Amino acid sequence: ENNASDDSVFDARSKGDASWYKPKENDEVYNFFSNHSEYGAGVHYAQTFVISPKNQRIRLRLGKGGYTRIYLNDAIIHDSKNQFITELDAFTYEVNLQKGVNRILVKSVTNGTVPFFIIRLEDLTGSPLKDYTISFENRIYEQNSIADVDPIEIPNEFEVYFKNKLNKKNSDINLSKFCLFKVYLRTGKLSEAIELLKEWSKNYPNSSFIKSCLLECYNKTGDEDALKKLESNILRLDPEYYLSLMLEFENSDELFNLDIQEFNSKLNKMAELIDYPFMKPTTDFFISIRKNDRIEMREKLDVLLSDQTLPIGLKVAFSEFYSTFFNDDIATIDVLKNINSSQYDWEIIIYLAYYLNKNNKTEKAIELYLDSLEKFDYDNNILYNLVLLLHESGEFERSLPYIDQALNNFPNSYVFVKLKADALVQIGKKMEAIEFYNLALNRRPFEYQ
């Protein structure tokens, strides 16, 4: 935290070793630590150096995912108490920038998810700050105390607005409470959101709508006991509510254990009461499965996958039914290709590459990853899938430039150092391979031991 030098190598304990590096520039507005995901849960750091021509009071705005601590010249100005995802500008602080070099350090901790952050600098009027530059070369800065930085948190303007609405006569109290709940949700204040909803529900104890908002909170906090208890409550007290039907729909194992008459009745009710256009073709397909009529199943599946309102995730899942039910990988490939031609989705790429490779169209699968790489050459997840496929195909020498690209993106990588050693062995460069295996041993995280 106190060492800003590129020349230092840090002992990351169970995560191998690490050093500062400059990530490849890209068009992402948010800063994601996605290339660090090979190390799983851990602590991530990012730093930048702001050159100010004068002492000035500014605003620093923050959005984040993960437990996050922000330092300005080594003084803590933000220390989040939770890892909940927030939106842009969830937090705003007024701080003092000193004349000369200022170091902004981000420390982010997660339990395995990919942390991210976005920081914006503004003047005190809320306009983008113009009177500064960024440097990665000049890292000599003067440490500040909290008193020097004088951080003051500015309340979220939307939170203030809807709190004030609650105190105004003739305002729509219920609408204002719902909007305040959404603000809390978007700023990661889940405890405040839950407290607001529980207080609100005292006036409407049978409101399934308020309970559905609570479910959203419990999903985000991971409170499984509270979640299951509330779901059971909604199912018991309001079985005709759309959310009750959706909960039953999502529990497919229990649904398919119903007798055929109750199963058909339940699904027809879902199609009638749940106001999603894709529900009717979905329930029709499920009913055809219970009938075990393969001709009808195929017809209903065709209709379902032609529905433009069907979400991408469900399209991917249902496209696999062609393969699993009818042993027709080509139909699955055609559906995935059709989706991929109209929009970019990484999940689609993964599935499509799998089925292409499975059907001896490996070069087509490789081309998919290469197309993605043209858009996101800084993303090591793409490079990892590409290199694995090349190694599986025996193209070890062809993989080396992509491994080097990944190491350029994330020089602290263990996975790609080991993949490079593996490739060098296969092409007969054993002495070079030993060097990279030794480096991999030094970096090997605890999880790989």
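In the stretch 427-436, which residues are part of a helix (DSSP H, G or I), of a type outside the set (A, V, I, L, M) and out of contact with any helix residue (DSSP H, G or I) (no Cβ under 6 Å at 6 or more places or on another chain)? Selection gives LYS430, GLU435.
Remark: LEU255 matches the filter, which requires a residue to be part of a helix (DSSP H, G or I) and either within 24 Å of LYS211 (Cβ to Cβ) or of a type in the set (Gly, Ala, Ser) (or both). Looking across TYR241, TYR276, one residue alone is touching a helix residue (DSSP H, G or I) at 6+ places or on another chain (Cβ under 7 Å), closer than 25 Å to ILE210 by Cα and hydroxyl-bearing (Ser, Thr, Tyr). It is TYR241.
Would you kindly identify the helices (runs of 4 or more DSSP H) lying entirely within the stretch 113-214 that contain at least 1 residues that are touching a residue at least 12 places away in the same chain (Cβ under 8 Å) and within 17 Å of LEU62 (Cβ to Cβ)? Per the criteria, 146-149, 157-166, 173-186. Candidates THR283, THR324: the one that is part of a helix (DSSP H, G or I), crowded, with 16+ Cβ neighbours inside 10 Å and not charged (D, E, K, R) is THR283. LEU214: touching a Phe, Trp or Tyr at 6+ places or on another chain (Cβ under 7 Å), surrounded by 11 or more Cβ atoms within 10 Å (Cβ to Cβ) and under 28 Å from THR92 (Cα atoms), yes or no? In short, no. State yes or no: is ASP379 under 16 Å from SER34 (Cβ atoms) and among the charged types (D, E, K, R)? Criteria met by ASP379.
Look at the stretch 241-266: where a residue is under 22 Å from ALA317 (Cα atoms) and in contact (Cβ under 8 Å) with a residue 40 or more places away in the chain, no partner that is outside any helix (DSSP H, G or I) and not acidic (Asp, Glu) sits 6+ places away or on another chain with Cβ atoms under 7 Å. Restricting attention to the stretch 345-356 and to residues that are of a type outside the set (Val, Ile, Thr) and out of contact with any Asp or Glu (no Cβ under 6 Å at 6 or more places or on another chain), the residue that is farthest from GLU25 (Cα to Cα) turns out to be LEU356.
What about SER14, is it at pLDDT 90 or above, within 30 Å of ASN385 (Cα to Cα) and out of contact with any strand residue (DSSP E or B) (no Cβ under 7 Å at 6 or more places or on another chain)? No. Taking the stretch 357-383 as the range and being assigned to a helix (DSSP H, G or I), in contact with an Asp or Glu (Cβ under 9 Å, 6 or more places away or on another chain) and free of Cβ contacts under 8 Å to residues at least 60 places away in the same chain as the test, the residues that pass are ASN357, LYS358, THR362, ILE366, SER372, LEU373, LEU383. Candidates LEU386, LEU439: the one that is assigned to a helix (DSSP H, G or I), surrounded by 15 or more Cβ atoms within 10 Å (Cβ to Cβ) and within 25 Å of the chain's Cα centre (by Cα) is LEU386. Residues in the stretch 217-261 that are of a type in the set (D, E, K, R) and touching a Phe, Trp or Tyr at 6+ places or on another chain (Cβ under 7 Å): LYS220 only.
Taking the criterion of being among the aromatic types (Phe, Trp, Tyr), outside any loop (DSSP other than H, G, I, E, B) and in contact with a helix residue (DSSP H, G or I) (Cβ under 6 Å, 6 or more places away or on another chain), no residue of the stretch 66-96 qualifies.
For the stretch 112-131, a residue qualifies if it is farther than 30 Å from GLY40 by Cβ and crowded, with 16+ Cβ neighbours inside 10 Å, and the qualifying residues are LEU121, GLU122, LEU129.
Put simply, of ILE77, ILE70 the only residue that is over 19 Å from THR221 (Cβ atoms), surrounded by 21 or more Cβ atoms within 10 Å (Cβ to Cβ), in contact with a His (Cβ under 9 Å, 6 or more places away or on another chain) and at pLDDT 95 or above is ILE70. Any residue at all in the stretch 138-148 that's surrounded by 15 or more Cβ atoms within 10 Å (Cβ to Cβ) and of a type in the set (A, V, I, L, M, F, W, C)? Scanning the stretch 138-148 turns up no residue that is surrounded by 15 or more Cβ atoms within 10 Å (Cβ to Cβ) and of a type in the set (A, V, I, L, M, F, W, C). If we keep just the residues of the stretch 311-321 that are part of a helix (DSSP H, G or I) and not charged (D, E, K, R), which is surrounded by the most Cβ atoms within 10 Å (Cβ to Cβ)? So, considering only residues that are part of a helix (DSSP H, G or I) and not charged (D, E, K, R), the one surrounded by the most Cβ atoms within 10 Å (Cβ to Cβ) is SER319. Against the conditions (1) aliphatic (A, V, I, L, M); (2) over 30 Å from ALA46 (Cα atoms); (3) in contact (Cβ under 8 Å) with a residue 12 or more places away in the chain, MET431 satisfies every one except (3). Among the numbered conditions (1) part of a helix (DSSP H, G or I); (2) of a type in the set (Phe, Trp, Tyr); (3) more than 26 Å from ILE260 (Cβ to Cβ), the only one that TYR344 does not meet is (1).
The values are calculated or read from the model by the stated rules, or taken from the named source; none is laboratory data. No experiment lies behind these values; they were computed from the predicted model shown. Because the Cβ atoms are built from the backbone with ideal geometry, glycine has one as well, and the counts that use them run over all protein chains shown.
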